[in-house]
Amino acid sequence: MKNNLFLTSTLALSVIVSLTGCETLDQVTQSVTSVASSTGLINDDQAKSINKTTTAVAKPFEGITPSQEYYIGRTVGATILHKYKPYDKEESVRYLNTLGQALALASERPETFGGYHFMILDTSEVNAFAAPGGLIFVSRGLILCCKTEDALAAVLAHEIGHVQLQHGLQAIEKGRITSAVTTLAAESGKNLGGQQIAELTKSFEGAITDITGTLVNNGYARKLEFQADAAAVKTLKNIGYDPNALVAMLEEMDRHLKPGGMGFAKTHPKPKERIDELRKILRSADHPATLSKDRAERFEKFAEKI
């Protein structure tokens, strides 16, 4: 009976943590264990064990190192490549990476632990993904929506903005909180049966999977998309591309996207919402950049093979 009551308390703790934030994990846990100990649900040794575990798992929340971000990004990237086949035409991939690397160098985060890497996904679905650490994926369908190199640069600059602002980590950290609570539950439940512990762990692992799935399938929140757009505008200006190309790109997509459709329509705010936000930061003085003949020719050559 006590085990069941304490299990309920632990589950309640997971809800409290998700609402209060990781910085209060120690405080919340100590409060819960204090109450549980005083009411006889757990003994003093169990309370000490729980608090010790909390202190250990709380440390990662203080900051994720560049190398940790890299490996988290690789895991997200692997998830994406499990769903989409890469487009491996060497010349096309080289072009995309040359353009992407130039844009990354012009951003406010020119370097990451593992470097920036750009990949084309062999799908007609219109979408793009930015995994933590600099792994950026763009679909053939989205590339085909681009009419100029400036438009494609705007797409890549937006995704670089997500990496620059570490938006991916903000989503994944929710899973880290859940993982921490899983550890707490397993530690505190030493006197539970093996099957009970296995079921408890499986339950929380399922929650982690759900959160990761949200990142990949549902996309970033509107606020984060707007932030990435603002970062893209700065990057485009820094390197000499037309920042208005992002607006033009969104207008083009608005004409083609079907409400409630998959891909970009599912994972991003409506193009009109983003255009309205962009026009707040784009000034009338931001005249279109001069389109060079070389730029037009190399993009045309690239687009013909997509």
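The values are calculated or read from the model by the stated rules, or taken from the named source; none is laboratory data. Computed from a prediction, not measured in an experiment: that's the story for all the values here. Cβ placement follows ideal geometry from the backbone for every residue including glycine, while neighbour counts extend to all protein chains displayed.
Listed values, structure above:
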quantity	calculated
Test for residue 126: is it over 25 Å from residue 238 (Cα atoms) and either of a type in the set (Val, Ile, Thr) or not assigned by TED's automatic domain parsing to the domain that holds residue 234 (or both)	yes
Long-range neighbours under 9 Å by Cβ, at least six apart or interchain, first residue over 19 Å from residue 132 (Cα atoms) within the stretch 79-93, second surrounded by 13 or more Cβ atoms within 10 Å (Cβ to Cβ) and among the small types (Gly, Ala, Ser)	87/139
Some residue of the stretch 91-100 being assigned by TED's automatic domain parsing to the domain that holds residue 238, at pLDDT 60 or above, hydrophobic (A, V, I, L, M, F, W, C) and surrounded by fewer than 19 Cβ atoms within 10 Å (Cβ to Cβ)	yes
Top-ranked residue in the stretch 105-135 [being under 15 Å from residue 66 (Cβ atoms) and touching a Pro at 6+ places or on another chain (Cβ under 7 Å); ranked as surrounded by the fewest Cβ atoms within 10 Å (Cβ to Cβ)]	113
Qualifying positions in the stretch 136-145 - of a type in the set (A, V, I, L, M) and surrounded by fewer than 22 Cβ atoms within 10 Å (Cβ to Cβ)	143, 144
